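Here is the structure we will look at.
The values are calculated or read from the model by the stated rules, or taken from the named source; none is laboratory data. Keep in mind it's a predicted model, so treat the numbers as computed, not measured. Using ideal geometry, Cβ is built from the backbone for each residue, glycine included, and neighbour counts are taken over all protein chains shown. Ligands, DNA and RNA are stripped out before the accessible areas are found, and what is left, the full protein with its side chains, is counted by its heavy atoms. Shrake-Rupley method; radii C 1.70, N 1.55, O 1.52, S 1.80 Å.
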Amino acid sequence: MRTRREFLGGVAALGALGLPGCASLAAGGEGGRLPGRGEVVIRNAYVMTMDTKLGDLPVADVHVRDGAIVAVGPNLGASGARSIDGREMIVLPGLVETHWHMWNTLLRSMSGDQREHGYFPTALALGKAYLPSDMYQGTRLATAEALNGGITFVHDWCHDIRSPQYAEENLRALRESGIRARFSYGAAQGHPADQTIDLADLERLHRDWAAHSGGGLLSLGLAWRGVSTGATGSVSAAAYRQDFDAARRLGIPISVHANNRKGSDAIALLAREKFLGRDVQVIHATWVSPEEIRALADNGSPVSLSPYTELRIGFGFPPTGDFLAAGIPVGLSVDTTALSGNADMFAIMKAIQNIENARALSEFKLPARRVLELATIEGARSMGVGDLVGSLAPGKRADLIMVDTRGVNLAVWSDPAHLLVEAAQPANVDTVMVDGRILKRDGRLTAIDTAQVASESRAALAALRKRAGWR
Ligand SMILES: [Zn+2]
């Protein structure tokens with residue numbers, strides 16, 4: 001925890017680097033808060049490209065210009081580029097997150113110990129009392145945590161859109177942060193099970209997307225309720241079909257929770273009704289039959305696994321190895337900090353590896369390098385952005401992180417993939433770049449005042465609890 005004074009000191013130092021100072025932070029106005037893209041070269045780092053051809057480069061440079069990677073390799077000529085010292089650093093693609101209800105990050109660690117205070121009743125009761133400004137506060141807190149921990153892409157699964165303004169405030173928080181994201185438009189908490197989502201509003205957003213996309217960093221999707229049972233009962237077939245058909249008509253990707261309880265056969269139903277496809281991401285699937293795995297693979301549906309919420313809420317163990325063996329694209333996710341507490345992708349990687357090895361009774365089942373792929377290039381492919389980000393290669397957008405290996409939880413140099421999956425923490429993330437913009441440098445966020453985010457989030461939650469009459 002840093003003081004306000006230290007934060008301002010950090011901002012002043014950034015000003016010397018041509019990054020935005022406090023005046024522009026305070027002045028507000030979208031875009032004005034974000035640093036420019038410029039031209040930089042990271043020198044002499046251990047570079048893990050996660051590109052099959054380029055591999056790992058033990059002492060190499062990464063040259064970035066106007067948001068794109070120009071070159072990766074040793075001793076690059078990059079005169080005119082600002083130089084960043086990469087010694088003692090591991091440079092790798094930014095971490096890719098694939099399903100997160102960012103709005104309810106205000107409800108961090110609020111899933112209680114009694115049934116009436118469990119995750120679903122808590123999200124329902126408080127979600128109903130949300131104001132549009134709470135969408136902004138929750139999502140902004142989530143983006144700050146994401147960027148701080150090296151996450152450069154998020155899939156914001158937004159399921160508390162109570163009016164068009166709720167979606168707009170949520171999107172504003174994403175845009176202001178500079179993060180890359182898919183925003184998936186969903187129902188409100190408590191939305192009637194026999195009604196479609198606000199399809200006219202979804203179509204309006206789609207039509208006007210250029211004004212919402214933050215210069216192309218954000219894309220639009222559908223957070224589909226699907227055929228599973230929610231707090232207000234099973235969604236009627238007429239409603240879920242209309243929602244699905246609208247997304248397909250607009251050509252936007254779809255995402256759905258399925259098979260998180262023993263005995264569920266939702267994926268079998270999705271397959272029967274022709275609801276699967278490369279554009280349909282399936283979340284959790286902790287209880288899945290061999291036939292359902294085959295259906296996911298045959299249709300090209302990617303899967304998103306969120307080990308900490310799956311463990312915490314009792315959905316069971318993610319069968320990661322079964323999906324990988326079937327060739328199903330797998331991405332890793334936070335889901336909700338109301339259950340997971342935090343959004344630590346390093347811990348998520350470690351959990352995925354450890355659970356799979358425990359299931360297989362083998363130290364060697366899921367290698368660290370493979371897990372790192374899930375958190376970078378394969379996660380990006382599962383979200384349909386693998387050609388854009390997820391690895392470091394010339395021509396790709398510059399989404400990357402630098403992990404400082406000098407912390408006491410790292411310090412010794414062993415296998416870099418193992419270090420990242422087993423030992424690294426968000427605190428070790430020194431630098432974060434999204435689309436060529438440096439959003440974290442020297443361990444500090446450059447465009448987000450974390451003290452302000454914390455105090456405003458606290459105030460928003462206090463007011464929300466009061467309005468909802470929540471203990
Ligand atoms: Zn979820």
Quick one: would you say V59 is in a strand (DSSP E or B) and open to solvent by less than 10 Å² (accessible area, probe 1.4 Å)? no
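Test L372 against the criterion of being under 19 Å from P58 (Cα atoms), in a helix (DSSP H, G or I) and open to solvent by less than 70 Å² (accessible area, probe 1.4 Å), and give yes or no. Can you show your working first?
On the way: under 19 Å from P58 (Cα atoms): yes; in a helix (DSSP H, G or I): yes; open to solvent by less than 70 Å² (accessible area, probe 1.4 Å): yes.
Spelling it out, L372 is indeed under 19 Å from P58 (Cα atoms), in a helix (DSSP H, G or I) and open to solvent by less than 70 Å² (accessible area, probe 1.4 Å).
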Can you spot a residue in segment 194-215 that is surrounded by fewer than 21 Cβ atoms within 10 Å (Cβ to Cβ) and closer than 26 Å to T431 by Cα? yes
If I ask for residues that are assigned to a loop (DSSP other than H, G, I, E, B) and under 17 Å from W224 (Cα atoms), which ones from segment 266-302 would you list? E273, K274, F275, L276, G277, R278, D279, A285, S301, P302
Those residues that are touching a helix residue (DSSP H, G or I) at 6+ places or on another chain (Cβ under 9 Å) and within 17 Å of Y130 (Cβ to Cβ), I need them from segment 187-225; list them, please. A187, A188, Q189, G190, I197, D198, D201
Return the pair list, or none, for Cβ contacts closer than 9 Å from residues in segment 309-320 that are touching a residue at least 24 places away in the same chain (Cβ under 8 Å) and more than 19 Å from L366 (Cβ to Cβ) to residues that are open to solvent by 40 Å² or more (accessible area, probe 1.4 Å) and within 13 Å of the ligand (Cβ to nearest atom), at least 6 apart or on different chains. I313/F120
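Do we find that A468 is under 30 Å from G127 (Cα atoms) and not β-branched (V, I, T) in this structure?
Working: under 30 Å from G127 (Cα atoms): yes; not β-branched (V, I, T): yes.
Considered against the rule, which asks whether it is under 30 Å from G127 (Cα atoms) and not β-branched (V, I, T), A468 comes out as yes.
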Out of N354, N342, sole residue that is surrounded by fewer than 24 Cβ atoms within 10 Å (Cβ to Cβ), at pLDDT 95 or above and farther than 30 Å from L461 by Cβ: N354
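For residues in segment 300-339 being of a type in the set (D, E) and within 15 Å of the ligand (Cβ to nearest atom), which is surrounded by the fewest Cβ atoms within 10 Å (Cβ to Cβ)?
Looking at residues that are of a type in the set (D, E) and within 15 Å of the ligand (Cβ to nearest atom), I get E310.
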Looking at segment 359-367, can you tell me whether even one residue there is open to solvent by 10 Å² or more (accessible area, probe 1.4 Å), in a helix (DSSP H, G or I), within 16 Å of the ligand (Cβ to nearest atom) and not β-branched (V, I, T)? no
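Residue-wise test of (1) at positive phi; (2) surrounded by fewer than 22 Cβ atoms within 10 Å (Cβ to Cβ); (3) not in a helix (DSSP H, G or I).
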{"residue": "E378", "(1), (2), (3)": "no, no, no"}
{"residue": "V412", "(1), (2), (3)": "no, yes, yes"}
{"residue": "V421", "(1), (2), (3)": "no, no, no"}
{"residue": "A427", "(1), (2), (3)": "no, yes, no"}
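Just to be sure before I move on: is I293 more than 18 Å from D344 (Cβ to Cβ) and either touching a strand residue (DSSP E or B) at 6+ places or on another chain (Cβ under 7 Å) or within 16 Å of the ligand (Cβ to nearest atom) (or both) in the structure I sent?
no
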Looking only at segment 265-275, which residues are away from the ligand (no atom under 16 Å from the Cβ), buried (at least 19 other Cβ atoms within 10 Å of the Cβ) and either small (G, A, S) or within 15 Å of G384 (Cα to Cα) (or both)? A271
